[in-house]
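The values are calculated or read from the model by the stated rules, or taken from the named source; none is laboratory data. A quick note: this is a predicted structure, and the numbers were derived from the prediction, not measured. All Cβ positions, even for glycine, are placed from backbone atoms using ideal geometry, and neighbour counts span all protein chains on display.
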Amino acid sequence: MPVTAPGPCGTCPPESPRRRFRGRFQERILSHSDQPRPLQSRAGGPLAGKVRVPGDKSISHRALILGALSVGESRISGLLEGEDVLNTAKSMRALGARVERTGDFAWSVRGVGVAGFAQPTAPLDFGNSGTGCRLVMGAVAGCPISAVFDGDASLRSRPMRRVLDPLEKMGARVVAGGEGGRLPLTLQGARDPLPITYKTPVASAQIKSAVLLAGLAAPGTTTVIESEASRDHTELMLRHFGADITSIAEGAHGRRVALVGQPELHGARVVVPADPSSAAFPIVAALIVEGSDLVLTDVMTNPLRTGLFTTLREMGASIEESDVRGDAGEPMAQLRVRASRLRGVEVPPERAPSMIDEYLVLAVAASFAEGTTIMRGLHELRVKESDRLAATADMLRVNGVKVEISGDDLIVEGRGHVPGGGLVATHMDHRIAMSALVMGCASDQPVKVDDTAFIATSFPDFIPMMRALGADLS
């Protein structure tokens, strides 16, 4: 992730391009079995520079999977080379696709076609990645093979039944598995998959995507109905690879997505935009550290992913867009972020699908704001890598912030500053670790994090990038 000299906003010297943080490819990827790596973050000078955060994880997963289900070669640039995505790449290779790294963040995938996956000879290990695991379950469900799905201790604790229920309606079967559909489990794909019309119980791009990926192999039309629209990356990328798919409004906030099954997908070129969920961390850090002026390039601005940007602007954040463009249906832009005085706001529950991964770092911003911030409808945070709702509240409390959980709402009392001085338990969750380190960039006392090893699952170069921008992490 390159960092270059700031513009008129600062005076730090130019950083060398890309190679500064790249390192050897093998050295950047951490195993989920590594020993804990504690770290401390303390207040320092302003953050300044120009940076491209890693490629979007959602797009990276989908590009690999759809490339593997296509005929011909797909070329992917800007791929996120974090552990989560690399485990998806390994699973596509195990299922018969040819997946090769051809350069820095550049990959080639030669697919096997819809329903063409081969029987894997070993379990598919997804490490910490719920997204990779659930999407590949959908892709396997439409193939006449069986596969064992597994992951680390965190992934083994997460529920899979909401994805498995519609897949079983389509003809797949869980042959063996843990209680409540937990990993490790063996999924037998459907020999003759059935198209279904399925109304999702919650707004979940993972459920929707799993059903659509299974529906690729079914004759007729597979339809997913959402009462609240979730991320539409799968729909946009399916269309990019040649699928016949439509998406129309359903009710006040929902969508009806219909996919015509048994297409021949063709290999495609995909440029992965910078991940707005990863951009959230340097953005909030720049907002709360006095004097900061930061530019982030190529950030995805899909409206179903930018709820955090909307909320921060409502709080008074200075976030300016320029150089707006798009690739494979996904819009992106350059963002300039300057330190701002923030105020408390109320975040409506219908905004949750567009920022579900960003509430942790939003809570950090709310801690430095003046007044109360109420974040409503956060039930989905309870079934992520950890119980993120409880973990976020604990992160704030241990650093002197007044916080309350009321049902599925998080209420943060901002006082314009954070005392800090706490030790944050990350619960093997990369976003808790990064959020706590951001908090320490502006807190009165340093913030300690018990383990940063899991940051590699989504943002391998987070720590060196933040240091190059001016953060004091040690």
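Which of the residues that make up the range 195-208 are surrounded by fewer than 16 Cβ atoms within 10 Å (Cβ to Cβ) and either over 23 Å from the mean Cα position of the chain (by Cα) or part of a helix (DSSP H, G or I) (or both)?
Across the range 195-208, the qualifying residues are 197, 199.
I need a count of the residues in the range 140-162 that are of a type outside the set (D, E, K, R), closer than 20 Å to residue 125 by Cβ and out of contact with any Cys (no Cβ under 9 Å at 6 or more places or on another chain).
Adding up the residues that qualify gives 11.
Given 259, 236, 213, 265, which one is of a type outside the set (D, E, K, R), in contact with a strand residue (DSSP E or B) (Cβ under 7 Å, 6 or more places away or on another chain) and within 24 Å of residue 357 (Cα to Cα)?
236
Output the residue which, of all residues in the range 95-132 that are in contact with a Phe, Trp or Tyr (Cβ under 9 Å, 6 or more places away or on another chain) and in a strand (DSSP E or B), is farthest from residue 187 (Cα to Cα).
101
Of the residues 313, 325, 305, which is among the basic types (Lys, Arg) and either more than 23 Å from residue 434 (Cα to Cα) or not assigned by TED's automatic domain parsing to the domain that holds residue 376 (or both)?
It is 325.
Tally time: how many residues in the range 421-451 are within 20 Å of residue 280 (Cβ to Cβ) and surrounded by 23 or more Cβ atoms within 10 Å (Cβ to Cβ)?
19
If I ask for residues that are outside any loop (DSSP other than H, G, I, E, B), of a type in the set (S, T, N, Q) and under 17 Å from residue 365 (Cβ atoms), which ones from the range 309-344 would you list? Break it down into steps so the answer makes sense when it comes.
In the first step, residues of the range 309-344 are kept if they are outside any loop (DSSP other than H, G, I, E, B); the result is 309-314, 318-327, 330-338, 343.
Now narrow it down to the ones that are of a type in the set (S, T, N, Q): 310-311, 318, 322, 334.
Within the range 309-344, 310, 311, 318 meet the criteria.
For the range 319-337, does any single residue satisfy the condition of being more than 19 Å from residue 276 (Cβ to Cβ) and in contact (Cβ under 8 Å) with a residue 12 or more places away in the chain?
No, the conditions are met nowhere in the range 319-337.
With (1) buried (at least 19 other Cβ atoms within 10 Å of the Cβ); (2) modelled with pLDDT under 95 as the list, and residue 104 as the residue in question, which single condition is left unmet?
Evaluating residue 104 over (1) buried (at least 19 other Cβ atoms within 10 Å of the Cβ); (2) modelled with pLDDT under 95 leaves (1) as the failure.
Does residue 169 qualify as being charged (D, E, K, R), closer than 29 Å to residue 303 by Cβ and in the same structural domain as residue 267 (by TED's automatic domain parsing)?
It is false that residue 169 is charged (D, E, K, R), closer than 29 Å to residue 303 by Cβ and in the same structural domain as residue 267 (by TED's automatic domain parsing).
Output yes when any residue across the range 346-367 is assigned to a loop (DSSP other than H, G, I, E, B), modelled with pLDDT of 95 or more and either β-branched (Val, Ile, Thr) or buried (at least 23 other Cβ atoms within 10 Å of the Cβ) (or both), and no when none is.
Checked the range 346-367: no residue is assigned to a loop (DSSP other than H, G, I, E, B), modelled with pLDDT of 95 or more and either β-branched (Val, Ile, Thr) or buried (at least 23 other Cβ atoms within 10 Å of the Cβ) (or both).
Take the conditions modelled with pLDDT of 95 or more and more than 26 Å from residue 121 (Cα to Cα) and apply them to residue 258. Does it pass?
yes
Listed residues 47, 86, 79; which is surrounded by 19 or more Cβ atoms within 10 Å (Cβ to Cβ), over 21 Å from the mean Cα position of the chain (by Cα) and either farther than 26 Å from residue 439 by Cα or modelled with pLDDT of 95 or more (or both)? Please lay out each step first, then the result.
On the way: 86 fails: over 21 Å from the mean Cα position of the chain (by Cα); 79 fails: over 21 Å from the mean Cα position of the chain (by Cα).
Residue meeting the stated conditions: 47.
State all residues of the range 109-167 that are surrounded by 24 or more Cβ atoms within 10 Å (Cβ to Cβ), among the small types (Gly, Ala, Ser) and more than 21 Å from residue 201 (Cβ to Cβ); if no residue qualifies, say none.
Selection gives 111, 127, 129, 132, 139, 142, 147, 151.
Look through 164, 135, 155, 183 and report the one residue that is assigned to a helix (DSSP H, G or I), assigned by TED's automatic domain parsing to the domain that holds residue 219, among the aliphatic types (A, V, I, L, M) and over 21 Å from residue 234 (Cα atoms).
155
Can you confirm whether the range 422-439 contains a residue that is in a loop (DSSP other than H, G, I, E, B), over 24 Å from the mean Cα position of the chain (by Cα) and over 27 Å from residue 350 (Cα atoms)?
Looking through the range 422-439, at least one residue is in a loop (DSSP other than H, G, I, E, B), over 24 Å from the mean Cα position of the chain (by Cα) and over 27 Å from residue 350 (Cα atoms).
Any idea which of 180, 142, 171 is more than 23 Å from the chain's Cα centre (by Cα), at positive phi and modelled with pLDDT of 95 or more?
Unique residue meeting the criteria: 171.
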